[in-house]
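Notes follow once the structure below has been shown.
FYI, it's all coordinate maths here, none of it is from the lab. Owing to the predicted nature of the structure, the values given are computational and were not obtained by experimental measurement. Please note: Cβ atoms are built from the backbone with ideal geometry, for glycine as well, and neighbour counts cover all protein chains shown.
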Amino acid sequence: MSCTFDSTYRTFYWYQQLPGRGPTHLLTVSSNDNVTVGRFIGERLESGKRSSLHITDSQLGDSGSFLCAVDAQ
């Protein structure tokens with residue numbers, strides 16, 4: 001999945017929210033390198049205007065809402 005913004009941002013934060021629970025931080029992407037935390041891989045693309053989140057070997061427990069937030073420069 002991905003999130004896109006009109007302007008450049010320094011840091012992207014990815015969260016997962018399971019039904020009936022608050023958001024849980026998955027990973028932070030603050031450079032153009034991939035960030036891997038367990039089965040979650042985050043990328044920052046297009047000069048900081050877009051970030052993507054990949055889940056390797058997805059499982060039923062991965063169901064829920066995924067949220068992206070940014071830290072403005």
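Key figures
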read-out: Normalised contact order of the chain, rounded percent, pairs of Cα under 8 Å and 6 or more residues apart; value: 40 percent
read-out: Spread of Cα-to-Cα distances over 5 Å intervals beginning at zero, given as percent, for the chain; value: 3, 17, 29, 24, 15, 8, 3, 0
read-out: Test item: Cα-centred dipole of the chain, Lys/Arg +1 and Asp/Glu -1 on Cβ, debye; value: 100 debye
read-out: Gain on full stretching of the segment that runs from F5 to T28 - 0.36 nm per residue minus C-alpha separation; value: 6.7 nm
